1. Could you tell me which residue of the stretch 505-530 is surrounded by the most Cβ atoms within 10 Å (Cβ to Cβ), considering only residues that are under 22 Å from residue 145 (Cα atoms) and touching a helix residue (DSSP H, G or I) at 6+ places or on another chain (Cβ under 7 Å)?
2. Does residue 540 satisfy the criteria of being touching a helix residue (DSSP H, G or I) at 6+ places or on another chain (Cβ under 9 Å), buried (at least 19 other Cβ atoms within 10 Å of the Cβ) and in contact (Cβ under 8 Å) with a residue 60 or more places away in the chain?
3. For the stretch 219-235, give me each residue that is part of a helix (DSSP H, G or I) and touching a residue at least 60 places away in the same chain (Cβ under 8 Å).
4. Determine which single condition residue 474 fails, assuming it passes every other condition in (1) touching a helix residue (DSSP H, G or I) at 6+ places or on another chain (Cβ under 8 Å); (2) farther than 17 Å from residue 301 by Cβ; (3) buried (at least 21 other Cβ atoms within 10 Å of the Cβ).
5. Tally time: how many residues in the stretch 236-282 are in contact with a helix residue (DSSP H, G or I) (Cβ under 6 Å, 6 or more places away or on another chain), assigned to a strand (DSSP E or B) and either surrounded by fewer than 23 Cβ atoms within 10 Å (Cβ to Cβ) or modelled with pLDDT under 95 (or both)?
6. Tell me which of these residue 207 doesn't satisfy, since it passes every other one: (1) touching a residue at least 60 places away in the same chain (Cβ under 8 Å); (2) in a helix (DSSP H, G or I); (3) crowded, with 17+ Cβ neighbours inside 10 Å.
7. For the stretch 335-368, which residues satisfy the criterion of being modelled with pLDDT of 95 or more and within 18 Å of residue 314 (Cα to Cα)?
8. Considering 168, 197, 143, which residue is under 30 Å from residue 525 (Cα atoms) and modelled with pLDDT of 95 or more?
């Protein structure tokens with residue numbers, strides 16, 4: 001009789017391929033699915049009764065920033081609570097390698113301003129920073145405990161600074177600098193990097209350096225990005241992330257340029273949909289269709305239907321509007337002075353642009369006041385949108401907003417509306433053949449984001465709205481994405497594939513409408529992060545080991561570094577450092 005490490009019996013199997021579900025069993029040995037079918041004969045060290053439950057592949061999240069958080073939270077919560085078993089880090093051009101010793105602080109400050117990972121936490125977890133090159137960074141990641149699997153881009157900002165320093169903001173690379181950068185990209189991919197990532201948004205990126213200047217890749221000549229992309233063409237491997245679009249800013253021609261230069265998949269961000277820019281997603285979908293007809297492999301990602309919870313002490317997305325950069329980076333006391341200054345408020349009224357803010361928390365009139373925190377005359381409006389408060393007060397919206405901010409000393413808490421609440425539009429977007437779902441931004445914006453897109457999609461788009469089938473959605477969340485990026489033997493429940501699974505109760509899967517505040521962030525004692533727990537998930541399994549059971553972590557850390565370079569590279573990444 002066959003012996004398995006784990007045998008999941010009697011579940012409804014949705015295998016991630018889009019094929020019809022079936023009742024059956026899954027046998028797992030050494031982290032691999034070794035048997036799957038309507039009835040698997042055998043015994044096991046651990047038999048799990050999945051009667052009445054859905055057994056599906058673990059979810060793949062292609063857009064995260066867990067580069068730092070995985071060092072203190074090996075499970076990368078809350079995404080793994082919600083069934084995510086593999087994530088891609090190093091997105092948007094931000095990361096920690098390559099790095100000269102003198103540029104380490106700069107890279108941490110970039111991650112702090114761009115992705116709101118507290119610099120004090122980064123300094124604490126990286127106080128024994130012992131790498132310089134990207135291969136050494138990969139060795140470091142291999143050496144730390146991981147509850148889930150990680151893949152990593154080579155971040156272009158780090159590459160530009162390493163080779164060109166501050167000159168990277170002002171000029172193109174010389175022939176010798178380009179030769180070195182290509183060599184470093186090749187070395188990174190030899191070590192397991194999936195490709196390269198960058199943002200190219202000029203001075204319209206919602207995040208900037210502490211002095212308000214754009215990040216290097218945002219303003220670096222696009223022709224250098226095209227030349228770097230040629231490395232992937234020469235190798236015939238990898239993919240590229242290009243953040244070039246949001247409402248009010250459009251550099252999609254750069255994403256198209258790297259697709260032409262590389263001949264490889266390019267993941268463009270972001271497609272929307274956004275209520276504040278109702279035509280944006282349709283334009284992007286039509287563009288991708290045209291690109292596909294020309295043989296270009298351009299994909300995009302939707303704006304996940306998350307909400308934000310925040311105070312203006314920490315929230316930085318206003319810097320999408322250049323006028324507010326100084327406000328965003330000011331101390332609390334300085335922000336209070338701004339908010340109490342009539343001239344500043346009048347200037348702010350002229351600078352306010354709800355379209356530009358569509359991809360940065362949404363128009364301010366949609367913010368809902370959660371708690372007034374000392375602005376006592378506004379306590380009666382808690383649970384009410386700023387637009388409704390403004391109407392009730394009979395005053396200009398920005399007079400009301402800055403009055404609340406000043407009187408609460410920036411501590412008033414707000415909740416943004418979900419990025420999209422129109423289920424039919426959302427289903428239309430993610431059905432597009434060049435749309436890749438799964439871009440949580442997890443590990444970034446710690447104090448105001450903590451979404452749970454995978455369980456939200458199941459409960460909202462499938463169960464409650466009936467706009468997608470469960471088979472369609474799991475295909476889009478796992479198998480299809482793995483196929484596009486070239487991830488070997490993951491994303492499907494098939495014999496010989498890695499045993500990354502989520503097992504859940506279809507009737508109860510979902511989550512609360514409020515995030516948890518978690519105070520586990522190292523460094524500054526006041527730092528915190530938000531995350532959304534899942535409801536209805538019985539087990540999350542990574543490489544054949546249960547990492548969460550009924551929402552509780554088990555303490556095991558079976559996660560691995562993965563690549564898209566084939567089984568030989570993946571095997572090498574599993575070797576001890």
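1. 521
2. Answer is yes for this residue.
3. Those that are part of a helix (DSSP H, G or I) and touching a residue at least 60 places away in the same chain (Cβ under 8 Å): 225, 228.
4. Residue 474 satisfies all of (1) touching a helix residue (DSSP H, G or I) at 6+ places or on another chain (Cβ under 8 Å); (2) farther than 17 Å from residue 301 by Cβ; (3) buried (at least 21 other Cβ atoms within 10 Å of the Cβ) except (1).
5. Number satisfying all stated conditions: 7.
6. Only one criterion is unmet by residue 207, namely (2).
7. 335, 336, 337, 338, 339
8. Numbers: 168 fails: under 30 Å from residue 525 (Cα atoms); 197 fails: under 30 Å from residue 525 (Cα atoms).
Exactly one residue qualifies, and that residue is 143.
The values are calculated or read from the model by the stated rules, or taken from the named source; none is laboratory data. This is a predicted model, so every value here is computed, not measured. Methodologically, a virtual Cβ is constructed for each residue, glycine included, from the backbone with ideal geometry; neighbour enumeration extends over all protein chains shown.
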